[in-house]
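Here's the structure, in structure tokens; my notes come after.
Nothing in this text is a laboratory measurement; each read-out follows from the coordinates by a stated rule. Computed from a predicted model, the values in this text were never measured in an experiment. Note that we place each Cβ from the backbone using ideal geometry, even for glycine, and neighbour counts take in every protein chain shown.
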Ligand SMILES: Cc1ncc(COP(=O)(O)O)c(C=O)c1O
């Protein structure tokens with residue numbers, strides 16, 4: 001982490017004025033601890049609504065299916081993107097509005113379609129003829145979105161390889177949807193996250209608009225809905241700049257055609273990442289091969305969040321030295337930062353990783369029977 005980002009982050013964490021409160025939480029619960037602030041989700045919903053003008057937002061429940069987050073999403077007037085039966089069951093149990101859900105999983109079991117319909121879901125995504133045929137004979141008030149693939153070579157997750165139909169082959173899938181008797185509503189896509197370039201939204205949207213024109217000409221079919229998926233990146237340095245660029249590109253690409261469509265998006269990390277902060281304690285330290293290692297009492301899977309010491313957040317800049325930061329398990333891969341600049345740390349000192357609300361909590365390891373990290377809501 002470069003020094004200017006570190007100081008920007010330190011100031012913003014201190015300004016949140018929850019850093020002092022963390023000390024009290026640690027005294028009460030110990031570490032590791034995930035501190036969840038659902039009000040941040042409300043703020044992010046508000047921010048996104050002001051950028052994606054007129055879009056209906058469906059929070060991708062898989063990102064962080066915590067009840068407080070789901071309630072914050074519902075209270076912000078947003079809906080839910082559900083991909084699994086358990087997510088729908090959870091929303092039902094919490095009494096949250098199922099009629100605001102869309103099911104974006106392109107591959108579904110027949111029983112899951114029936115159950116979702118009975119619970120109140122009316123919009124489903126398909127991406128191939130076999131999946132479309134699963135809706136044959138089902139009620140005519142079902143709306144189908146055909147998921148398109150726009151592979152993004154700069155993205156790491158490759159979701160457009162796993163899901164979605166090439167726009168050149170999408171007409172056939174639309175025909176299959178029409179043959180089932182349910183309603184063809186429109187198209188969806190998901191620009192892969194992490195590493196996404198804002199222009200990816202422009203090219204995917206242009207490809208979708210071309211297809212809309214094409215199927216109107218060839219099949220005489222109108223497209224009502226365009227759903228642009230999630231993948232909106234979270235940026236530490238300047239949280240507004242990337243979303244500003246994306247919304248400008250979306251506005252420019254839609255141009256005069258905007259009013260033809262109901263516009264939807266299903267963001268996950270953009271709404272949840274900022275809501276959770278991980279507090280971990282130093283369990284032990286060692287010098288190995290001339291390098292200083294600190295072993296924390298929680299690991300961080302597959303993400304590279306910034307890491308600061310609680311002391312520097314509370315007291316201001318402290319000189320740093322490069323260290324290795326490792327998690328608590330006996331897994332050799334449980335090393336999440338090398339040559340990472342940190343102030344002097346002793347056993348029991350606390351380090352802070354913000355932006356931990358998206359996926360880490362749901363992806364956390366059970367290796368060495370490490371139980372899931374406790375989440376406390378503030
Ligand atoms: C269809 C779809 N929508 C939304 C999301 C959420 O993505 P993100 O958290 O990057 O916004 C995903 C993630 O895999 C997805 O596959």
**Item:** For region 1-60: span of alpha carbons on each principal axis (Å, largest first)
**Value:** 44, 31, 19
**Fill in**
Counted neighbours (other Cβ, 10 Å), sorted fewest up, put 293, 22 in the order 293, 22
**Percent RCO, i.e. relative contact order, over region 77-176, from Cα pairs under 8 Å lying at least 6 residues apart** = 22 percent
**Prompt:** For the chain, what does -39500 (n - 2.57) per DSSP helix run (n ≥ 4), summed and divided by total residues, give at 222 nm, in deg cm²/dmol to the nearest 500?
**Reply:** -10000 deg cm²/dmol
**Request:** Mind pulling up the Rg/Rh value for region 1-115? Radius of gyration and Kirkwood radius, both on Cα.
**Result:** 1.07
**Asked** What's log10 of I(q)/I(0) for region 24-89 at q = 0.15 Å⁻¹, Debye sum over Cα points only, no solvent?
**Response** -0.56
**Request:** Please provide three numbers in whole Å: the alpha-carbon extents of region 57-186 along the principal axes, with the largest listed first.
**Result:** 42, 41, 23
**Message:** What number does the chain give for Rg over Rh if you use C-alpha atoms and the Kirkwood radius?
**Reply:** 1.02
**0 to 90° range, to nearest 10: angle between helix 19-29 axis and the chain longest Cα axis** = 80 degrees
**Item:** Per-bin percent of Cα-Cα distances, region 224-292 [5 Å]
**Value:** 3, 12, 15, 17, 11, 9, 8, 6, 5, 4, 4, 3, 1
**Asked** Simple spin-label model, 7 Å along Cα-to-Cβ: residue 161 to residue 14 in nm?
**Response** 4.5 nm
**Asked** If the viscosity is 1.567 mPa s and the temperature 4 °C, what translational diffusion coefficient in µm²/s does Stokes-Einstein give for region 165-205 when Rh comes from Kirkwood over Cα pairs?
**Response** 107 µm²/s
**Message:** Cut-off 10 angstrom, C-alpha nodes, Gaussian network model of the chain. Which of 254, 57, 148 fluctuates the most?
**Reply:** 254
**Asked** Which FRET efficiency, nearest 0.05, do residue 7 and residue 333 yield, Cβ-Cβ r, R0 45 Å?
**Response** 0.90
**Prompt:** In Å and whole numbers, how far do the C-alpha atoms of region 223-362 stretch along each principal axis, longest first?
**Reply:** 63, 33, 24
**Complete:** Here the percent of antiparallel bridges among DSSP beta bridges lying wholly in the chain, to the nearest 5, is 40 percent
**Request:** Arrange the following residues from fewest to most other Cβ atoms within 10 Å of their Cβ: 187, 150.
**Result:** 150, 187
**Residue order, fewest to most surrounding Cβ atoms within 10 angstrom, among 131, 171** = 171, 131
**Fill in**
In a Gaussian network model of the chain with springs linking alpha carbons closer than 10 Å, the residue among 31, 344, 218 that fluctuates most is 218
**Fill in**
Expressed in Å to one decimal, the Kirkwood Rh of region 301-345 from all distinct alpha-carbon pairs is 11.6 Å
**Item:** Angle between the chain longest axis and helix 39-51 axis [Cα atoms, degrees, rounded to 10]
**Value:** 50 degrees
**Complete:** If one compares the long axis through the Cα atoms of helix 110-119 with the longest principal axis of the Cα atoms of the chain, the angle in degrees, nearest 10, works out at 90 degrees
